Amino acid sequence: MTDITDIDQEVVRIKAEGEEAALVTVAAAEGSTHREEDAKILVRADGSIMGTIGGGKIEAQVIEEAVEVIRKGEPQRLCFSLKEGGELGTIYGGDTEIFIEPILSPPTLYLFGGGHIAITLAKMGKMIGFGIAVIDDRPEFAHPERFPEAELTLTEDFAKSFQKLKINKLSYIVIVTHGHAGDEAVLEGALATEAKYIGMIGSRAKNQIVFSNLLAQGISQKQLDRVHAPIGLNIHAQTTEEIAISILAEIIQVRRSPSAGTGIAGHFTE
(Lines give C-alpha, C1' and ligand atoms only; values in the text may rest on other atoms or scores of the structure.)
Protein backbone atom coordinates (compact mmCIF):
# COMPACT_ATOMS: atom_id res chain seq x y z
CA MET A 1 0.00 0.00 0.00
CA THR A 2 1.27 3.46 -0.87
CA ASP A 3 2.14 5.58 2.14
CA ILE A 4 0.88 9.16 2.41
CA THR A 5 4.51 10.26 2.72
CA ASP A 6 5.22 8.71 -0.69
CA ILE A 7 2.39 10.74 -2.21
CA ASP A 8 3.65 13.92 -0.55
CA GLN A 9 7.12 13.31 -1.97
CA GLU A 10 5.68 12.72 -5.43
CA VAL A 11 3.76 16.01 -5.21
CA VAL A 12 7.03 17.79 -4.45
CA ARG A 13 8.68 16.11 -7.43
CA ILE A 14 5.80 16.96 -9.77
CA LYS A 15 5.98 20.63 -8.83
CA ALA A 16 9.76 20.69 -9.23
CA GLU A 17 9.57 19.07 -12.66
CA GLY A 18 6.80 21.35 -13.89
CA GLU A 19 4.31 18.50 -14.29
CA GLU A 20 0.59 18.36 -13.47
CA ALA A 21 -1.50 16.13 -11.24
CA ALA A 22 -4.50 16.07 -8.91
CA LEU A 23 -4.69 14.99 -5.30
CA VAL A 24 -7.84 13.06 -4.40
CA THR A 25 -8.83 12.95 -0.74
CA VAL A 26 -11.71 11.21 1.01
CA ALA A 27 -13.02 14.30 2.82
CA ALA A 28 -15.84 12.56 4.68
CA ALA A 29 -17.09 9.00 5.03
CA GLU A 30 -20.15 7.66 6.84
CA GLY A 31 -21.25 4.09 7.24
CA SER A 32 -19.53 1.22 5.44
CA THR A 33 -17.44 2.71 2.63
CA HIS A 34 -14.44 1.81 0.52
CA ARG A 35 -11.91 3.84 2.50
CA GLU A 36 -11.70 5.89 5.66
CA GLU A 37 -11.48 9.66 5.82
CA ASP A 38 -8.20 11.17 4.61
CA ALA A 39 -7.43 8.26 2.28
CA LYS A 40 -5.67 9.72 -0.78
CA ILE A 41 -4.66 8.97 -4.34
CA LEU A 42 -2.53 11.05 -6.67
CA VAL A 43 -3.75 11.17 -10.26
CA ARG A 44 -1.33 12.24 -12.98
CA ALA A 45 -2.32 13.99 -16.20
CA ASP A 46 -2.11 10.72 -18.16
CA GLY A 47 -4.53 9.00 -15.75
CA SER A 48 -1.92 6.92 -13.94
CA ILE A 49 -2.25 6.89 -10.15
CA MET A 50 -0.41 6.47 -6.88
CA GLY A 51 -2.39 5.10 -3.96
CA THR A 52 -6.02 4.00 -3.82
CA ILE A 53 -9.37 4.91 -2.29
CA GLY A 54 -10.66 1.37 -2.61
CA GLY A 55 -10.73 0.60 -6.31
CA GLY A 56 -13.87 -0.32 -8.19
CA LYS A 57 -16.15 1.85 -10.30
CA ILE A 58 -16.08 4.79 -7.93
CA GLU A 59 -12.31 5.05 -8.06
CA ALA A 60 -12.40 4.80 -11.86
CA GLN A 61 -14.96 7.62 -12.01
CA VAL A 62 -12.92 9.73 -9.62
CA ILE A 63 -9.81 9.27 -11.77
CA GLU A 64 -11.72 10.52 -14.82
CA GLU A 65 -12.93 13.54 -12.88
CA ALA A 66 -9.41 14.19 -11.60
CA VAL A 67 -8.02 14.33 -15.15
CA GLU A 68 -10.64 16.99 -15.92
CA VAL A 69 -9.67 18.90 -12.78
CA ILE A 70 -6.07 18.94 -14.02
CA ARG A 71 -7.17 20.26 -17.40
CA LYS A 72 -9.43 22.97 -15.97
CA GLY A 73 -7.21 23.86 -13.03
CA GLU A 74 -10.17 24.07 -10.66
CA PRO A 75 -10.89 21.90 -7.56
CA GLN A 76 -14.00 19.79 -7.38
CA ARG A 77 -16.02 18.13 -4.63
CA LEU A 78 -17.95 14.92 -5.35
CA CYS A 79 -20.48 13.03 -3.25
CA PHE A 80 -21.35 9.35 -3.59
CA SER A 81 -24.20 7.50 -1.92
CA LEU A 82 -23.12 3.88 -1.67
CA LYS A 83 -26.15 1.62 -1.48
CA GLU A 84 -25.92 -2.13 -1.60
CA GLY A 85 -26.71 -3.42 -5.07
CA GLY A 86 -26.80 0.10 -6.52
CA GLU A 87 -25.75 1.06 -10.02
CA LEU A 88 -22.17 1.64 -8.87
CA GLY A 89 -21.95 -2.06 -8.18
CA THR A 90 -20.82 -1.72 -4.58
CA ILE A 91 -21.63 -3.89 -1.58
CA TYR A 92 -20.99 -0.99 0.78
CA GLY A 93 -23.72 1.02 2.46
CA GLY A 94 -22.35 4.43 3.37
CA ASP A 95 -21.75 7.87 1.90
CA THR A 96 -18.44 9.28 0.71
CA GLU A 97 -17.38 12.83 -0.05
CA ILE A 98 -14.37 13.25 -2.32
CA PHE A 99 -12.28 16.39 -2.75
CA ILE A 100 -10.09 16.74 -5.85
CA GLU A 101 -7.38 19.38 -5.78
CA PRO A 102 -5.25 20.27 -8.83
CA ILE A 103 -1.49 20.16 -8.32
CA LEU A 104 -0.23 22.61 -10.91
CA SER A 105 3.02 24.49 -11.25
CA PRO A 106 2.44 28.03 -12.55
CA PRO A 107 2.87 28.11 -16.34
CA THR A 108 5.57 30.41 -17.71
CA LEU A 109 5.21 32.69 -20.71
CA TYR A 110 8.58 33.10 -22.45
CA LEU A 111 8.65 36.26 -24.54
CA PHE A 112 11.53 36.25 -27.01
CA GLY A 113 11.79 39.88 -28.02
CA GLY A 114 11.16 42.89 -25.80
CA GLY A 115 9.23 45.17 -28.14
CA HIS A 116 5.82 46.83 -27.74
CA ILE A 117 3.81 43.64 -28.16
CA ALA A 118 5.91 41.92 -25.49
CA ILE A 119 5.24 44.73 -23.01
CA THR A 120 1.48 44.25 -23.38
CA LEU A 121 1.78 40.45 -23.37
CA ALA A 122 3.74 40.60 -20.12
CA LYS A 123 1.09 42.74 -18.42
CA MET A 124 -1.85 40.68 -19.63
CA GLY A 125 -0.09 37.36 -19.18
CA LYS A 126 0.66 38.18 -15.55
CA MET A 127 -3.00 39.06 -14.99
CA ILE A 128 -4.14 35.59 -16.10
CA GLY A 129 -1.66 33.67 -13.96
CA PHE A 130 1.47 33.23 -16.05
CA GLY A 131 4.99 33.68 -14.84
CA ILE A 132 6.79 36.02 -17.24
CA ALA A 133 10.28 35.71 -18.74
CA VAL A 134 11.62 38.16 -21.33
CA ILE A 135 14.64 37.44 -23.49
CA ASP A 136 16.27 39.89 -25.91
CA ASP A 137 19.77 40.34 -27.29
CA ARG A 138 19.54 44.11 -26.69
CA PRO A 139 20.11 45.23 -23.07
CA GLU A 140 17.72 48.16 -23.33
CA PHE A 141 14.88 45.80 -24.31
CA ALA A 142 15.29 43.20 -21.54
CA HIS A 143 15.54 44.76 -18.11
CA PRO A 144 13.28 44.90 -15.00
CA GLU A 145 12.37 48.56 -15.43
CA ARG A 146 10.86 47.87 -18.84
CA PHE A 147 9.19 44.64 -17.67
CA PRO A 148 8.26 45.01 -13.97
CA GLU A 149 5.91 42.02 -14.24
CA ALA A 150 8.70 39.63 -15.29
CA GLU A 151 10.32 37.17 -12.90
CA LEU A 152 13.20 36.95 -15.36
CA THR A 153 14.70 39.39 -17.85
CA LEU A 154 17.64 38.01 -19.79
CA THR A 155 19.96 39.80 -22.19
CA GLU A 156 21.57 37.10 -24.27
CA ASP A 157 22.12 35.89 -27.80
CA PHE A 158 18.85 34.17 -28.70
CA ALA A 159 20.40 30.85 -29.69
CA LYS A 160 22.53 30.69 -26.52
CA SER A 161 19.70 31.76 -24.21
CA PHE A 162 18.12 28.29 -24.16
CA GLN A 163 21.09 27.02 -22.14
CA LYS A 164 20.04 29.34 -19.31
CA LEU A 165 16.28 28.66 -19.39
CA LYS A 166 14.26 25.86 -17.80
CA ILE A 167 11.61 25.27 -20.44
CA ASN A 168 9.25 22.37 -19.76
CA LYS A 169 5.74 21.11 -20.53
CA LEU A 170 4.21 24.10 -18.72
CA SER A 171 6.10 26.61 -20.86
CA TYR A 172 4.57 28.82 -23.55
CA ILE A 173 6.91 30.45 -26.06
CA VAL A 174 6.06 33.58 -28.04
CA ILE A 175 8.56 34.63 -30.70
CA VAL A 176 8.43 38.36 -31.39
CA THR A 177 12.06 39.28 -32.01
CA HIS A 178 13.24 42.27 -34.04
CA GLY A 179 14.23 40.33 -37.18
CA HIS A 180 14.01 37.13 -39.22
CA ALA A 181 17.38 35.87 -37.99
CA GLY A 182 16.29 36.17 -34.38
CA ASP A 183 12.99 34.45 -35.08
CA GLU A 184 14.75 31.57 -36.80
CA ALA A 185 17.29 31.15 -34.00
CA VAL A 186 14.57 31.12 -31.35
CA LEU A 187 12.35 28.76 -33.28
CA GLU A 188 15.15 26.27 -33.75
CA GLY A 189 15.84 26.33 -30.03
CA ALA A 190 12.16 26.18 -29.11
CA LEU A 191 11.55 23.07 -31.20
CA ALA A 192 14.14 21.22 -29.13
CA THR A 193 12.10 21.84 -25.96
CA GLU A 194 8.92 20.32 -24.51
CA ALA A 195 7.11 23.67 -24.54
CA LYS A 196 3.35 23.27 -24.71
CA TYR A 197 2.95 26.22 -27.04
CA ILE A 198 5.24 27.80 -29.64
CA GLY A 199 3.95 30.83 -31.53
CA MET A 200 5.84 33.00 -34.01
CA ILE A 201 4.74 36.38 -35.31
CA GLY A 202 5.17 37.23 -38.98
CA SER A 203 3.59 37.12 -42.41
CA ARG A 204 2.99 33.78 -44.11
CA ALA A 205 5.72 34.59 -46.63
CA LYS A 206 8.27 35.41 -43.91
CA ASN A 207 7.33 32.36 -41.87
CA GLN A 208 7.68 30.13 -44.91
CA ILE A 209 11.24 31.39 -45.42
CA VAL A 210 12.07 30.54 -41.81
CA PHE A 211 10.45 27.12 -42.13
CA SER A 212 12.30 26.37 -45.37
CA ASN A 213 15.62 27.28 -43.78
CA LEU A 214 14.98 25.00 -40.82
CA LEU A 215 13.84 22.14 -43.06
CA ALA A 216 17.13 22.47 -44.94
CA GLN A 217 18.95 22.17 -41.60
CA GLY A 218 17.23 18.89 -40.78
CA ILE A 219 14.19 20.04 -38.79
CA SER A 220 11.24 17.82 -39.72
CA GLN A 221 7.86 18.98 -40.96
CA LYS A 222 6.29 17.19 -37.97
CA GLN A 223 8.32 19.41 -35.64
CA LEU A 224 7.28 22.53 -37.54
CA ASP A 225 3.64 21.51 -37.29
CA ARG A 226 3.89 22.36 -33.57
CA VAL A 227 4.30 26.03 -34.41
CA HIS A 228 1.41 28.49 -34.35
CA ALA A 229 2.37 30.72 -37.25
CA PRO A 230 0.94 33.13 -38.09
CA ILE A 231 0.33 33.59 -34.39
CA GLY A 232 -2.93 34.30 -32.57
CA LEU A 233 -6.64 33.69 -33.09
CA ASN A 234 -8.23 35.44 -36.03
CA ILE A 235 -10.08 38.32 -34.35
CA HIS A 236 -8.99 40.88 -36.96
CA ALA A 237 -6.64 42.49 -34.43
CA GLN A 238 -5.09 45.85 -35.34
CA THR A 239 -3.69 47.56 -32.25
CA THR A 240 -0.89 46.28 -30.04
CA GLU A 241 -3.39 45.47 -27.30
CA GLU A 242 -5.69 43.61 -29.66
CA ILE A 243 -2.77 41.61 -31.04
CA ALA A 244 -1.74 40.65 -27.51
CA ILE A 245 -5.30 39.55 -26.76
CA SER A 246 -5.40 37.38 -29.89
CA ILE A 247 -2.11 35.71 -28.92
CA LEU A 248 -3.14 35.10 -25.31
CA ALA A 249 -6.53 33.80 -26.43
CA GLU A 250 -4.76 31.19 -28.52
CA ILE A 251 -2.48 30.31 -25.62
CA ILE A 252 -5.50 29.88 -23.33
CA GLN A 253 -7.14 27.69 -25.96
CA VAL A 254 -4.08 25.44 -26.03
CA ARG A 255 -3.73 25.43 -22.26
CA ARG A 256 -7.33 24.47 -21.57
CA SER A 257 -7.99 22.11 -24.47
CA PRO A 258 -7.25 18.39 -23.98
CA SER A 259 -6.65 18.01 -27.73
CA ALA A 260 -5.35 21.34 -29.00
CA GLY A 261 -4.33 21.34 -32.63
CA THR A 262 -1.12 22.40 -34.30
CA GLY A 263 -0.15 25.94 -35.13
CA ILE A 264 -1.61 26.05 -38.63
CA ALA A 265 -4.72 27.87 -37.42
CA GLY A 266 -2.85 30.96 -36.23
CA HIS A 267 -3.67 34.26 -37.90
CA PHE A 268 -1.79 37.36 -36.78
CA THR A 269 0.96 38.26 -39.23
CA GLU A 270 2.43 41.65 -38.12
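A few points about this structure:
- If only residues of region 197-236 that are part of a loop (DSSP other than H, G, I, E, B), touching a residue at least 12 places away in the same chain (Cβ under 8 Å) and surrounded by fewer than 19 Cβ atoms within 10 Å (Cβ to Cβ) are counted, the one that is farthest from the chain's Cα centre (by Cα) is 217.
- The set of residues in region 83-122 that are aromatic (Phe, Trp, Tyr), out of contact with any helix residue (DSSP H, G or I) (no Cβ under 8 Å at 6 or more places or on another chain) and either buried (at least 17 other Cβ atoms within 10 Å of the Cβ) or at pLDDT below 60 (or both) comprises 92, 110.
- Any chance residue 67 is modelled with pLDDT of 90 or more and under 14 Å from residue 79 (Cα atoms): no
- Pairs with Cβ under 9 Å, 6+ apart, first in region 148-166 and farther than 13 Å from residue 192 by Cβ, second in a strand (DSSP E or B) and of a type in the set (S, T, N, Q): 151/108; 152/108; 166/108
- Region 164-178, residues that are touching an Asp or Glu at 6+ places or on another chain (Cβ under 6 Å) and in a strand (DSSP E or B): 175
- Residue satisfying condition, being out of contact with any Leu (no Cβ under 8 Å at 6 or more places or on another chain), closer than 20 Å to residue 122 by Cα and crowded, with 23+ Cβ neighbours inside 10 Å, within set 176, 254, 186: 186
- Taken over region 152-170, the criterion of being touching a Ser or Thr at 6+ places or on another chain (Cβ under 8 Å) and at pLDDT 95 or above is satisfied by 154, 158, 162.
- In region 123-163, of all residues being in a helix (DSSP H, G or I) and of a type in the set (A, V, I, L, M, F, W, C), the one that is surrounded by the fewest Cβ atoms within 10 Å (Cβ to Cβ) corresponds to 127.
The values are calculated or read from the model by the stated rules, or taken from the named source; none is laboratory data. Computed from a predicted structure; not experimentally measured. Quick reminder, even Gly has a Cβ in these numbers, built from the backbone with ideal geometry, and neighbours come from all protein chains shown.
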